[in-house]
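A.B. asks: The structure that follows is given in the form of structure tokens.
Every number in this text was worked out from the coordinates using simple rules, so none of it is lab data. Predicted model only: the values in this text are computed from it and were never measured. Quick reminder, even Gly has a Cβ in these numbers, built from the backbone with ideal geometry, and neighbours come from all protein chains shown.
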């Protein structure tokens, strides 16, 4: 039950060789300087970008590789972006219910799951609010609920707390830690924050300097 | 020690000659279009004023369009109610048919079509937009109408229980439905063009966010692109509506001009303000000519109003999903 990314990722003229693996229920941190290709790795695993060469394999199934490409909606992968990216025209509940609805859940079931997910991040009382009326920390909690509500197979967190002030980070980190503990997803976390990596990740890979694993 | 405030500096801005000339030219251009608009409405008001004065509000509510008898015993009676309703019914049919097609074509061109096919299709759409309306009218009369009459017959056969699809007599040519279909094809390029423009501006990060939640391409269109483009699409539709309301020759060729308010869209009874003017202008008495000018002013104001709203909506849609 392992997610393996081995080969070259890239966008435009940028190329980066990667070789990483993460078990189901495991959390792999990806660190490295700006421009190292950390976000590109996440986007490629999500299927938003394609591998330049090599492959992405999960539990023996090739998601991307020579002659194979599984479209994003069939990967059961979700991304939490560093700039949060909630849908501004939907209320909080609709934002969180969007994932289950996209995967075919009936409206009522999707709303019920969304309410439960919001409650799990302490946002149950704000289901009717719009993203513009929330603080950065509240928006990030909604983004986490939106990611976990679909019970993803692959969870990709790109600088999950970059848009949040430093005072709010420990609380959010605790929320994310609890969510990760209850999940069987293969999780990849990109962060510049040492505390994120130490608190959340079981192992770390460094991109852009010399790629290596550390436990 | 005293502090003396220095005298305030006077800043002088002097524009170069080329700057002044350019400003003058664009200002003159902008004013010229306003002056033309004012002249047109002033001319129509001047020529139609007597009719407005004689008939008052009944000019808008009456369906009669009768010249005075030669002996002068029966006075003239003019009203644009039937033609105004006809204009709106035909324009509504055109918009109802054209909008789903325009949305689909715009989405396909922006998000699905390979670049080469996109260029070809965009050229074809531009070509369609440039076809003169008299050509549309001839095509509508000779090619579209025989087929559309058959479709009308089927609609009447299966959905005739619904008041909209009833007919007083089984004659299906020259109906508002056929005129609406023809107008739909004529306004398709303009709605598609505006829809493409607004759909192409849908925020890339929101699109990626939808993909990042595992949404399909269509799911992403529904969640991000369509809501984002809603305002622009409404604006584009209003622009199309503006053209549909004012279309003359094409409608005149495929519609049976009858002065009666008619909501039975398959019946061979109809008319719009523009086709009324085109149909009666040649043989109008001097007084009827004034009535046609008054009708023209009503159409002018209606079209101007629709276009103003359209422009405002398109401008507002640039701010994001409403």
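A.B. asks: Looking only at B:279, B:86, B:232, which one moves most when chain B is put into a Gaussian network model with springs between Cα atoms under 10 Å?
C.D. replies: B:279
A.B. asks: Counting pairs of alpha carbon atoms under 8 Å apart in space and at least six apart in sequence, what relative contact order in percent does the stretch B:81-317 give?
C.D. replies: 32 percent.
A.B. asks: Note the per residue figure in Å³ for the convex hull of the C-alpha positions in the stretch A:57-111. The partial results should precede the final answer.
C.D. replies: Details: hull volume 6.4 nm³, N = 55.
Convex hull volume per residue, Cα atoms: 116 Å³.
A.B. asks: Per residue and in Å³, how big is the convex hull formed by the alpha-carbon atoms of chain B?
C.D. replies: Values: hull volume 88.3 nm³, N = 322.
In chain B, the Cα convex hull volume per residue is 274 Å³.
A.B. asks: For residue B:128 and residue A:107, FRET efficiency with R0 = 56 Å and r from the beta-carbon atoms, rounded to 0.05?
C.D. replies: On the way: r = 40 Å, r/R0 = 0.71.
The pair residue A:107/residue B:128 has a calculated efficiency of 0.90.
A.B. asks: Measure nothing fancy, just the Cα-based angle from helix A:169-181's long axis to the longest principal axis of chain A, in degrees from 0 to 90, nearest 10.
C.D. replies: 70
A.B. asks: Expressed in nm to one decimal, what extension gain is obtained for the pair residue B:205 and residue B:7 from 0.36 nm per residue of sequence separation less their Cα-Cα distance?
C.D. replies: On the way: separation 198, 0.36 × 198 = 71.28 nm, distance 5.28 nm.
That pair, residue B:205 and residue B:7, stretches by 66.0 nm at full extension.
A.B. asks: While we're on this one: Could you calculate the contour length gain from residue B:301 to residue B:104, that is, 0.36 nm times the residue separation minus the distance between their Cα atoms, to one decimal place in nm?
C.D. replies: My answer for the length gained is 67.8 nm.
A.B. asks: While we're here: Which FRET efficiency value, to the nearest 0.05, do you get for residue A:167 and residue B:40 by plugging their Cβ-Cβ distance into 1/(1 + (r/R0)^6) with R0 = 60 Å?
C.D. replies: 0.40
A.B. asks: Report the residue, chosen from A:43, A:186, A:103, that carries the largest GNM mean-square fluctuation when chain A is represented by alpha-carbon nodes joined by springs under 10 Å.
C.D. replies: The residue that fluctuates most here is A:103.
A.B. asks: Separate question: Which value in Å is the Kirkwood Rh of the stretch B:145-270 over different Cα pairs?
C.D. replies: Details: mean 1/r = 0.0588 Å⁻¹.
With all distinct Cα pairs of the stretch B:145-270 included, I get 17.0 Å.
A.B. asks: Using alpha-carbon positions, what is the distance between the centroids of the stretch B:1-80 and the stretch A:171-194, in Å?
C.D. replies: 65
A.B. asks: Taking 1 over the mean of 1/r across every pair of different Cα atoms in the stretch A:1-49, what Kirkwood radius in Å do you get?
C.D. replies: Value: 11.5 Å, from the Cα pair sum.
A.B. asks: So, one more: Need the full-extension length gain, residue A:53 to residue A:125, defined as separation in residues times 0.36 nm minus the C-alpha distance. One decimal, nm.
C.D. replies: My answer for the length gained is 21.3 nm.
A.B. asks: Can you give the convex hull volume per residue for the Cα atoms of the stretch B:22-66, as a whole number of Å³?
C.D. replies: 89
A.B. asks: Here's another thing I want to ask about it. Calculate how steeply helix A:92-102 sits against the longest principal axis of the alpha-carbon atoms of chain A, using the helix alpha-carbon long axis, and give the answer as 0 to 90 degrees to the nearest 10.
C.D. replies: Between the helix axis and the principal axis of chain A, the angle is about 50 degrees.
A.B. asks: OK, next. Express the relative contact order of chain A as a whole percentage, based on alpha carbon pairs under 8 Å and six or more residues apart in sequence.
C.D. replies: 29
A.B. asks: While we're on this one: Once you wrap a convex hull around the alpha carbon atoms of chain A, what is its projected area averaged over all directions, in nm²?
C.D. replies: Numbers: hull surface 46.4 nm².
Taking the Cα atoms of chain A, their convex hull projects to 11.6 nm² on average.
A.B. asks: Then there is this: Compute the distance in nm between two label points, each set 7 Å from the Cα along the Cα-to-Cβ direction, one at residue A:14 and one at residue B:263.
C.D. replies: Using points 7 Å along Cα→Cβ, the separation is 6.0 nm.
A.B. asks: Please check: in the Gaussian network model of chain B (C-alpha springs, under 10 Å), which one of B:132, B:75, B:227 has the largest mean-square fluctuation.
C.D. replies: So, out of B:132, B:75, B:227, the one fluctuating most is B:75.
A.B. asks: List the extent of the Cα atoms of the protein assembly as shown along each of their three principal axes, largest first, rounded to whole Å.
C.D. replies: 108, 93, 47
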